[in-house]
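The values are calculated or read from the model by the stated rules, or taken from the named source; none is laboratory data. No experiment lies behind these values; they were computed from the predicted model shown. Reconstructed Cβ throughout: ideal geometry from the backbone, glycine too, with neighbour counts over all protein chains shown. Only protein heavy atoms, including side chains, enter the accessible area calculation; ligands, DNA and RNA are left aside. Shrake-Rupley method; radii C 1.70, N 1.55, O 1.52, S 1.80 Å.
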Amino acid sequence: MHADQNHEILIVMKVYRINCKNDQRGILDFDPYSMYQSLKGNTDTAEAEFMVKIFDLHANNDSILNIWPDVMPIKPLSIDYDKVDIYIQGGFLLLSKEAYDYLYHFLDEYGEFLKIDVNGSEMVLFNLRVFGQEDLDKCIEDYSKGLRSGFKSFAFIDSDIDSKLLFKSKLLDGIGLFCGEEFKQLVEVKSLNGIEFNEIN
């Protein structure tokens, strides 16, 4: 018997936070307030209550598919909007038509697709509705001048996320998007541009 047969092999999952390349800002003129303005006429919910729902959309894991128009027109902030395949726009994953066609069947069970029109270009906002369970012992907050400024370290429980293609964090109010190797490889094998993967553990 080899000596190493007496020891368990520890496999550490790689987890990545998905970010826009070069930490660029959103490329669409679209934020929670403009979304509230665009959608408030499609619901019977009181305006103040509906505004809170929209601003807390990702944290509360709400669906807005039933009040989303067939296609919502959105103006670009950047002239490069049609040069990216996949991007982070607020708490949404922004997909070009080509990226949507490719990723639809992989992502369908994880959230909802909201169709938009950007200066005649068909694009899609993906509203992720799956949380990953954080490993609270390894999520260590960072402080600057006595105020919370983020996390020094961040981790999820492997057994909770090992079968999830994409997931978000309740500790980050549902805004941060995370993945494992599978989604990273899906993006890289098709050379989809616009995002990068930053390993968190």
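Observations
- Selected residue (criterion: surrounded by the most Cβ atoms within 10 Å (Cβ to Cβ)) from residues of segment 101-116 that are over 12 Å from the mean Cα position of the chain (by Cα) and assigned to a helix (DSSP H, G or I): Leu103
- Check on Asn193, touching a Phe, Trp or Tyr at 6+ places or on another chain (Cβ under 7 Å), closer than 25 Å to Asp101 by Cα and among the polar types (S, T, N, Q): no
- Matching entry among Ser159, Ser191, Ser169 (being small (Gly, Ala, Ser), without any contact (Cβ under 8 Å) to a residue 40 or more places away in the chain and under 28 Å from Asn66 (Cα atoms)): Ser169
- Hits in segment 20-45 - residues which are outside any helix (DSSP H, G or I), more than 11 Å from Gln89 (Cα to Cα) and either modelled with pLDDT of 95 or more or open to solvent by 80 Å² or more (accessible area, probe 1.4 Å) (or both): Asp44
- Identity of the residue in segment 46-85, in contact with a strand residue (DSSP E or B) (Cβ under 6 Å, 6 or more places away or on another chain) and part of a helix (DSSP H, G or I), that ends up surrounded by the most Cβ atoms within 10 Å (Cβ to Cβ): Tyr81
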